[in-house]
């Protein structure tokens, strides 16, 4: 039993040799190749997702830890790699959406298998299933880790060790590259980060022929042993001697990130290749039927033609049954197509109905606003008419008042003139009388 605690997920060589994959019949070379292939997927996807190196390193460590407890035959490498990247991006506080991770892995698989790069439809049944598998595999990883995902990388020790040893600057980049490559192996679950960092520094110094202090040994200052450093160098040398890792279909789960015609054709070809093997027990019967006339020649010579006819009839029946099974499978595929397209069609219909309802509501609201505007215009016209009527009445009254006033003025001026002339006449008479 492997117990998980904070930074204590380290296994012995005996536990690695008795891994769940070995118990399922997977040999050591195949397990190493699948581990390297999964780590390559994580590294490449991290670059395409523009994630920092810490996220990719954490994802590779989680990948190795998961397959120390689970078998490659039960969990697909591609799905576990995608879930490891998705989980590591959250742990390192650089989260990415599930949609982005699935699109990147879909594109990588199309490139690796030389398939036409098709767009992953976000409303298809394939995308929904892949998203569910991604979250389900992430839960499996967290469950096996006991929700303890603390990871300590050797990168942070490399700079301190090289600064202490006062090495040239080009040694730092080489050690950093070796530390990144060590994550493709099981060193992260066998040794502590300090030991891996010392082994990487030792290998980089040997490659650049940089002498390091050996009296006393420099690794003693960093709590490392010479045996651990030698094992790290041996594993890295074995890694560089291996060819490029390829995908091996060991898992029983045949689902992939592609949904193109070529992948389906390849699966159908593999199924047809397996079919003759399964139908091989029929051949002895036909051979027995063909051999039976030879035995019957001893007794009756005329039975040979009858047996040959029976064998040919049986072969024709077998061909007809195969054709019928193919036609039935084709009909099933045709029947399944509407079910696959039913969800996006339903979504499109629902979106169309919502759009129509919204347009109807907009038209109704516009009509209401137009009615309100027409009512307001009518009220304004009536008020203007009333104002015009009032203004006309007032102007007429003013005109009448002005006419009366002019007449009164005329009368008053005439009276004044009359009084003036009368007064002047009276004054003249009085003067004449006085004289």
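The values are calculated or read from the model by the stated rules, or taken from the named source; none is laboratory data. Fair warning: this is a prediction, and the values are worked out from it, not measured in the lab. Using ideal geometry, Cβ is built from the backbone for each residue, glycine included, and neighbour counts are taken over all protein chains shown.
A few notes on this one:
Table: residues versus (1) over 13 Å from the mean Cα position of the chain (by Cα); (2) modelled with pLDDT under 95; (3) surrounded by fewer than 18 Cβ atoms within 10 Å (Cβ to Cβ).
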{"residue": "74", "(1), (2), (3)": "yes, yes, yes"}
{"residue": "83", "(1), (2), (3)": "no, no, no"}
{"residue": "101", "(1), (2), (3)": "no, no, no"}
{"residue": "111", "(1), (2), (3)": "yes, yes, yes"}
{"residue": "120", "(1), (2), (3)": "no, yes, no"}
{"residue": "124", "(1), (2), (3)": "yes, yes, yes"}
{"residue": "129", "(1), (2), (3)": "no, yes, yes"}
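- Meets criteria (modelled with pLDDT under 90, in contact with a helix residue (DSSP H, G or I) (Cβ under 6 Å, 6 or more places away or on another chain) and on the phi < 0 side of the Ramachandran plot) for residue 245: yes
- Residues that are in contact with a helix residue (DSSP H, G or I) (Cβ under 9 Å, 6 or more places away or on another chain) and over 12 Å from residue 161 (Cα atoms), drawn from segment 206-219: 206, 207, 208, 210, 211, 213, 217
- Here the condition is being at pLDDT 85 or above and not in a helix (DSSP H, G or I); of 236, 212, it holds for 212 alone.
- Residue within segment 4-11 that is closer than 19 Å to residue 251 by Cβ, touching a helix residue (DSSP H, G or I) at 6+ places or on another chain (Cβ under 6 Å) and not in a helix (DSSP H, G or I) present: no
- Residue 88 being modelled with pLDDT of 95 or more, surrounded by 23 or more Cβ atoms within 10 Å (Cβ to Cβ) and farther than 17 Å from residue 147 by Cα: no
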